[in-house]
Amino acid sequence: MIGGLFPIHLEAKRNATTPKEVSCAKYDIQMFLRSQVMIYAIQEINQHTRRVLPNLTLGYDIYDTCGDVSLAIRATLELLKNHSDPQNCLLPSNILLDLPEPQTKVVIGERYSEVSTAVARVATLSSLTQISYASTSELLSKKFKFPTFLRTVPSDAFQTEGISKLVYEFNWKTVAIVGSDDEYGKYGSDSLRRSFDKLNVCVEFVEILPGNFTQNDSSTQQKLAHLVQMLNESVAEAIIMFTKDSNIEIIMEAAIKHKLNRTWIASDTWSTSTRISSMPGIELAGQVFGFIFKNNEVPGFKEYVGSMFNGTTNGILEYHKTRFPPCSNISKQEAGGNCSMPCLDPVCLASLVDQDESYSVYLAVQVVVEGLRSLLKCDELRCEREANFTTFEVSVFNCFKTCKPGHMLKPEKGKCCFKCVPCEDSEFSPGNGTACKHCADMEYSLEGKRDTCLKKAVVFLQWTDPLSIVLSCLAGFIIVITLTFAVLFTIHHRTPIVKAVGGYLCFLELFSLLFCVCITFTFLGKPSSPSSCVGIPLFGAAFSLCNACILANLIQILVGFNFDLKVGSWIKKLNQPVAVVIVIFGIQLVVTVSWLLLKPPIINEVNEPKTVLHQCEMEPNVFFIVTVVYNASLAIICFVFAFKGKHLPDLYKNASLITISMVMFLVIWIVFLPIYITLRGKYRPAVSSAAILISSSSILCCHLAPKCYIIIFKKELNNERAITEYIRTHYEQKGVSVVHS
């Protein structure tokens, strides 16, 4: 026997003088159809052609609860009695206590959460399994309170989460909630408030409707008028209606009357209600966003509805026939295509079959059948008639005793109870409630598991990295070019062009550039000792030597070609190449040595979530600033001297080319410094290496490469006669006579 509880009437009214007598009102055709889904599903199981329980027959006891807690409890008590009637349906207009006495193994129902809660408390006494097709209250999920309650719909926890996400998606910042004084409305409203608190959504008000809201009396009218006034004055962007459809119908009538034109969010109880969606003028109330369960059609049920008046018999159907006249007694103009007409029109009834609650009822029957097949070990021929199993006193302990890996037991405040909490970052727990422990410094725990610790990967700029390979190849090429220049200058060291580029100073300049390029290799690979972190300080010293040689060369040019006695007198005092180089390089050498002794760069291990970064760490201290400013100042001075000497008769264009190289150097370091200071990660050393290579290349290309080109391809310019002729022509064009000796 399978019991069924359906609120085929939506409202129960009690007689004040005779409390035992209850009359039911507001007959609901859709609930009638849902009760027929249960009967249809059982009949389908019992058919020989589709027999899944070979030597068993299913019967049913269906009661109309009228949506009332007391009537539902009475019906449940009847289901728990010992005698049975294999096909009993109870649906009178006045319900007394002299009800049939069926014997039931499982009950399907009830619809409303409040009624299901009451039924579940009674059903638990005899371990009667209860499967609801529409009750969604979170309270019913508490197994220690309702151990025999099941359902074929999700709990309101998912629905309230969905409503919260909808509000968040539309970026609504203010909402209002209308609930009801029952398990469904109270739990749903509270859950919504908690969700909105996390999303920083303001709940303007929460209005809880009383249990007698559906009664047409003065108190209901006062409550409705107050609610309408609140809604009319509300600034909420959406009104969430988390209550049963009978309450919604009253509110929507008032909303249409007052043309509230608000945005409503419908919970599952009324989002698909045809009674509400077909209300005249419903569009005046505003737009509605609704949440529904996953829909599906009950296989073959619409065809069954179309033929169930032809020989089908059950108590609920007979009551329906007596309540509604045949459609033949109504004019065709009234009945044709108008499914709201209360007549026995199978086509209209079939169009009213929904695909949510009806399918949930159908699923509930299927669950019962599958449970019986498993319990009774059914095969294609027979089912065992007896089943042995052990039952237990349900414990009220609702705390965690153990946890899955990655979680630990944590005492709840003020309770002798524990809950499972996930381990934090860099913590792990093997499970069984073991306390979370910190991983070692070089380990981490994987997010989402945290059941063990994994070794962190050591990260640095490897030699095999594509960027390292590119930089190494470029450095090697520059080294070859530099050595080639040195060989050429050595072979032609007595020629005018080598003297013009500084004579012996050019070899010192080449050495400093070669040293700078070699320094770039210290930035690649894993830093193994403090000596591998001295690249920047050594580059500062080497490049100052290069600048000193260039400056000394510029002074030589100005002295050699400037015939203005006033200017030449003070420049000649500076024309001491060795002294200039020693002083300029010596100052930077003192800074570099002090830097390495007092604030040397160190190897730092940057502990990141999943990696350990090995890199040289050098704070932008005073020595770093002095080095950068000093070399930049030398570059600017060289630029000024070079620019000043651009008008001189310099056949080899030293001044012009040095001007270009100094501008390039300054631009490179203006770009490099912000990147170096802000960049973090394994590619930071590569930036330093690239900046040094580009700086060195700018000197080689702009200052020295043109001289090598003349040595190889323009040999006629590399003699004193060519220089003399160039100087004479230069000054004759300016009207100055030149005496040659």
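The values are calculated or read from the model by the stated rules, or taken from the named source; none is laboratory data. Bear in mind the structure is a predicted one, so any value in this text is a computation, not a measurement. Neighbour counts are summed over all protein chains in view; Cβ atoms, including those assigned to glycine, are modelled from backbone coordinates with ideal geometry.
If you go through the stretch 189-209 one residue at a time, do you hit one that is at positive phi and assigned to a loop (DSSP other than H, G, I, E, B)?
Of all residues in the stretch 189-209, those at positive phi come to 200.
Then drop every residue that is not assigned to a loop (DSSP other than H, G, I, E, B), which leaves 200.
Taking every residue of the stretch 189-209 in turn, at least one turns out to be at positive phi and assigned to a loop (DSSP other than H, G, I, E, B).
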Pick out the one residue from 433, 535, 448, 476 that is at positive phi and either assigned by TED's automatic domain parsing to the domain that holds residue 721 or crowded, with 16+ Cβ neighbours inside 10 Å (or both). 433
Out of 208, 177, I need the residue that is modelled with pLDDT of 90 or more and either more than 27 Å from residue 27 (Cα to Cα) or surrounded by 21 or more Cβ atoms within 10 Å (Cβ to Cβ) (or both). Which one? 177
What about residue 316, is it surrounded by 19 or more Cβ atoms within 10 Å (Cβ to Cβ) and modelled with pLDDT of 85 or more? yes
The stretch 1-38, residues that are among the β-branched types (Val, Ile, Thr) and outside any strand (DSSP E or B): 8, 17, 18, 29, 37
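Quick check on the stretch 169-180. Is at least one of its residues among the charged types (D, E, K, R) and within 27 Å of residue 10 (Cβ to Cβ)?
Kept after step one, since they are among the charged types (D, E, K, R), are these residues of the stretch 169-180: 169, 173.
This time we only want the ones that are within 27 Å of residue 10 (Cβ to Cβ), so: none.
No, the conditions are met nowhere in the stretch 169-180.
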Residues within the stretch 14-42 that are at pLDDT below 90 and over 17 Å from residue 319 (Cα atoms), tallied: 9
Where the second residue is small (Gly, Ala, Ser) and part of a loop (DSSP other than H, G, I, E, B) and the first is at negative phi and lies in the stretch 231-260, which pairs have Cβ atoms under 6 Å and are six or more apart or on separate chains? 242/267; 245/273; 256/281
Residues of the stretch 109-151 being assigned to a loop (DSSP other than H, G, I, E, B), more than 26 Å from residue 295 (Cβ to Cβ) and not basic (Lys, Arg), which ones? 126, 127, 128, 144, 146, 147, 148
Look at the stretch 267-291 and say how many of its residues are assigned to a loop (DSSP other than H, G, I, E, B) and either among the hydroxyl-bearing types (Ser, Thr, Tyr) or surrounded by fewer than 15 Cβ atoms within 10 Å (Cβ to Cβ) (or both). 8
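To keep it simple, each residue is scored yes or no on (1) assigned to a helix (DSSP H, G or I); (2) within 30 Å of residue 611 (Cα to Cα); (3) at pLDDT below 85.
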site	(1), (2), (3)
662	yes, no, yes
672	yes, yes, yes
677	yes, yes, yes
695	yes, no, no
722	yes, no, yes
Residue satisfying all of: in the stretch 152-170; of a type in the set (S, T, N, Q) and not in a loop (DSSP other than H, G, I, E, B); surrounded by the most Cβ atoms within 10 Å (Cβ to Cβ) among these: 160
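Looking only at residues that are of a type in the set (Phe, Trp, Tyr) and not in a loop (DSSP other than H, G, I, E, B) in the stretch 292-313, which one is surrounded by the most Cβ atoms within 10 Å (Cβ to Cβ)?
Within the stretch 292-313, the first condition is being of a type in the set (Phe, Trp, Tyr), and the residues that meet it are 293, 301, 304, 309.
The next check asks that each one be not in a loop (DSSP other than H, G, I, E, B); those that pass are 301, 304.
Values: 301: 22, 304: 20.
Looking at the filtered set, the residue picked out is 301.
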Return yes when residue 222 is over 22 Å from residue 29 (Cα atoms), polar (S, T, N, Q) and either in a loop (DSSP other than H, G, I, E, B) or in the same structural domain as residue 201 (by TED's automatic domain parsing) (or both) and no when it is not. yes
